[in-house]
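Asks: Have a look at the structure that comes next, please.
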Amino acid sequence: MAYEKLKEEIITYSKEIGIDKIGFASAAPFSQFKARLEEQQELGYASGFEKGTIEERTEPSLLLSGAESIIAIALAYPTRMKNSPKSVKGDRRGMFCRASWGTDYHIVLNEKLEKLSEFIKDRVEGFTCRSMVDTGELSDRAVAERAGIGFSGKNTLMIAPELGSYIYLGEMITNIPFPPDQPLDDGCGDCTKCLDACPTGALVEPGRLNAQQCLAFLTQTKGFMPDEHRDKLGNLIYGFETCQVVCPYNRGIDLHFHEEFEPDPELVKPRLVDLLNISNREFKEKFGKMAGSWRGKKPIQRNAILALAHYKETSAMEDLIRLMEEDPRPVIRGTAAWAIGKIGEEDGFKKIEAAMALEESDEVIEEMKKGLAFRK
């Protein structure tokens with residue numbers, strides 16, 4: 001009864017500090033999820049960003065001695081912005097996905113979890129905990145599902161019926177045996193909108209994602225974008241969210257509950273050409289507080305080049321030629337050469353030919369050949 005009362009106090013306090021949804025789960029091993037992870041690895045579907053061994057990712061007791069329960073939290077983020085700048089010919093703009101709007105959610109959720117832990121420490125002697133948001137060993141989604149935050153959709157995202165899937169997740173393993181909440185029933189039914197809309201077939205079946213084919217994952221990689229996916233990004237330079245946009249649970253959802261997540265239009269829709277010329281220091285100063293900056297400027301610049309190619313933005317030719325000729329990074333040189341060819345101006349083709357005669361990287365030369373293949 002004492003833990004039930006404490007649980008209710010925590011729920012009340014969580015609302016006071018701006019947590020939109022909270023749930024409680026046991027810290028028992030995630031046995032079914034473990035089998036799922038093993039299958040993902042065998043199939044080659046894992047992203048490679050995952051932290052820890054499969055055992056650490058599925059056995060909370062390995063992460064906190066005496067683990068008894070897990071508290072899961074969710075915070076909603078907005079889907080629309082005011083005063084969104086237009087992307088027009090001669091002034092094309094990229095787009096960070098909604099999950100990267102405002103202050104990095106890792107910071108915001110960790111602050112909420114820290115307040116929760118302090119609240120509990122003041123009431124329970126010997127309380128211990130371990131919190132994590134996204135970059136920890138535990139699967140935020142598996143924990144949230146067990147704690148009744150929502151159900152796992154066919155798009156592999158956590159869907160809270162009242163909040164949709166535009167939510168950030170975090171959790172705290174504790175040594176207190178809180179009474180657990182009940183998981184929700186699956187709410188997708190016969191709907192397959194997300195699977196039908198996935199442009200790369202990354203959603204190979206309901207609830208199973210091949211991260212290696214997911215555009216949201218690929219925008220965060222540092223190598224060359226696979227040829228077959230370059231035209232599918234549009235103007236997105238970080239993340240991809242078609243599988244959320246088409247979800248019926250997200251229809252009409254636009255929740256502005258947290259000032260920290262409000263987007264700065266100039267940051268989330270930056271000028272593409274400006275990104276080509278930005279220094280490391282400028283990038284960190286401008287975008288460093290956004291979740292989408294975590295991999296540094298290289299993937300963002302590569303994606304900006306692809307977006308300019310998508311638009312066939314002739315006004316960017318001078319900058320693209322400079323990158324092809326002078327940038328020390330093969331991925332940027334090669335992607336710029338491909339983009340110049342995609343834009344399709346004869347002067348651009350001549351520049352590629354001249355640069356190719358001096359190029360020493362086989363990878364870049366291959367991209368230059370691809371660029372020249374656009375010549376009609």
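Asks: If you line up the Cα atoms of the stretch 2-174 on their principal axes, what length do they span on each, largest first, in Å?
Replies: On the principal axes, the stretch 2-174 reaches 63, 44, 25 Å in Cα extent.
Asks: Relative contact order of the chain: what whole-number percent is it, with Cα pairs under 8 angstrom and at least 6 residues apart?
Replies: Over the chain, the number comes to 20 percent.
Asks: Continuing with this model, one more query. If I model a spin label at ASP264 and SER315 as a point 7 Å from the Cα along the Cα→Cβ vector, what separation in nanometres do I get?
Replies: Calculated label separation equals 2.3 nm.
Asks: Another question about this same structure. Sorted by mean Cβ packing within 10 Å, highest first, what order do the peptides 171-177, 317-323, 38-44, 301-307 take?
Replies: 301-307, 171-177, 317-323, 38-44
Asks: Continuing with this model, one more query. Sequence gap at least 6, Cα distance under 8 Å: using those rules, report the relative contact order of the stretch 273-376 to the nearest whole percent. Numbers along the way, then the final one.
Replies: Numbers: 117 pairs, mean separation 24.2, N = 104.
The value is 23 percent.
Asks: Which distance in nm do the two modelled labels at ARG322 and ARG375 give, with both placed 7 Å along the Cα-to-Cβ direction?
Replies: Simple spin-label model gives 2.5 nm for this pair.
Asks: Under 28 Å from the Cα of LYS351, which lysines turn up, not counting those fewer than eight places away in the same chain?
Replies: Those lysines meeting the cut-off are LYS89, LYS222, LYS232, LYS297, LYS298, LYS312, LYS342, LYS369, LYS370, LYS376.
Asks: Between the stretch 251-305 and the stretch 121-181, what is the separation of their alpha carbon centroids in Å?
Replies: 27
Asks: With all distinct Cα pairs included, what does the Kirkwood hydrodynamic radius of the stretch 269-376 come out to in Å, to one decimal, could you say?
Replies: Here the Kirkwood hydrodynamic radius works out to 13.9 Å.
Asks: Arrange the following residues from fewest to most other Cβ atoms within 10 Å of their Cβ: THR335, THR58.
Replies: Numbers: THR335 28, THR58 23.
Neighbour counts put them in this order, fewest first: THR58, THR335.
Asks: Related question: For GLU205 and LYS5, FRET efficiency with R0 = 41 Å and r from the beta-carbon atoms, rounded to 0.05?
Replies: Efficiency computed from Cβ-Cβ geometry: 0.40.
Asks: If you don't mind, there's one more thing I want to ask. Starting with the fewest neighbours, write out CYS243, CYS194 ranked by other beta-carbon atoms found within 10 Å of each beta-carbon.
Replies: Result, fewest neighbours first: CYS194, CYS243.
Asks: What are the semi-axes of the equivalent ellipsoid of the chain, taken as the square roots of 5 times the eigenvalues of the Cα gyration tensor, listed largest first and rounded to whole Å?
Replies: Values for the chain, descending: 43, 21, 19 Å.
Asks: Between HIS256 and THR192, what's the calculated FRET efficiency when r is the beta-carbon distance and R0 is 22 Å? Round to 0.05.
Replies: For R0 = 22 Å, the calculated efficiency reads 0.15.
Asks: Now for a different question. What does the helix-only formula give at 222 nm for the chain: each DSSP H stretch with n ≥ 4 adding -39500 (n - 2.57), the total divided by the residues, and the result rounded to the nearest 500 deg cm²/dmol? Don't skip to the answer; put the middle values down first.
Replies: Details: 16 runs with 150 residues, N = 376.
Computed ellipticity for the chain at 222 nm equals -11500 deg cm²/dmol.
Asks: Order by neighbour count: VAL88, VAL245, fewest other Cβ atoms within 10 Å first, most last.
Replies: On the way: VAL88 9, VAL245 14.
The most exposed by this proxy come first: VAL88, VAL245.
Asks: I would also like to ask the following. With r as the distance between the Cβ atoms of GLU39 and SER61 and R0 = 25 Å, compute the FRET efficiency 1/(1 + (r/R0)^6) and round to 0.05.
Replies: So the FRET efficiency works out to roughly 0.60.
Asks: List the cysteines in the chain whose Cβ has no other cysteine Cβ under 4.7 Å from it.
Replies: Cys with no partner Cβ under 4.7 Å: CYS97, CYS129, CYS188, CYS191, CYS198, CYS214, CYS247.
Asks: Separate question: Which whole number in µm²/s is D for the stretch 118-174 by Stokes-Einstein, with the Kirkwood Rh taken over Cα pairs at 20 °C and 1.002 mPa s?
Replies: 170
Asks: Under a 5 Å amide H to amide H cut-off, with H placed in plane at 1.01 Å, what residues pair with TYR238 once short-range neighbours are removed?
Replies: Amide H neighbours of TYR238, under 5 Å, 5+ apart: MET95, CYS97.
Asks: Could you grab the relative contact order for the stretch 2-174? Cα pairs under 8 Å, six or more apart, rounded to a whole percent.
Replies: On the way: 236 pairs, mean separation 55.8, N = 173.
Result for the stretch 2-174 is 32 percent.
Asks: Convert 20 °C to kelvin, take the viscosity as 1.002 mPa s, use the Kirkwood radius over C-alpha pairs of the stretch 170-299 as Rh, and evaluate the Stokes-Einstein diffusion coefficient in µm²/s, rounded to a whole number. Walk me through the intermediate numbers first.
Replies: Values: Rh = 18.0 Å.
Value of D from the Cα-based Kirkwood radius: 119 µm²/s.
Read the figures in this text as sums done on the coordinates, not as results from a lab. Keep in mind it's a predicted model, so treat the numbers as computed, not measured. A quick note on method: Cβ atoms are made from the backbone with ideal geometry, for glycine too, and the neighbour counts reach across all protein chains shown.
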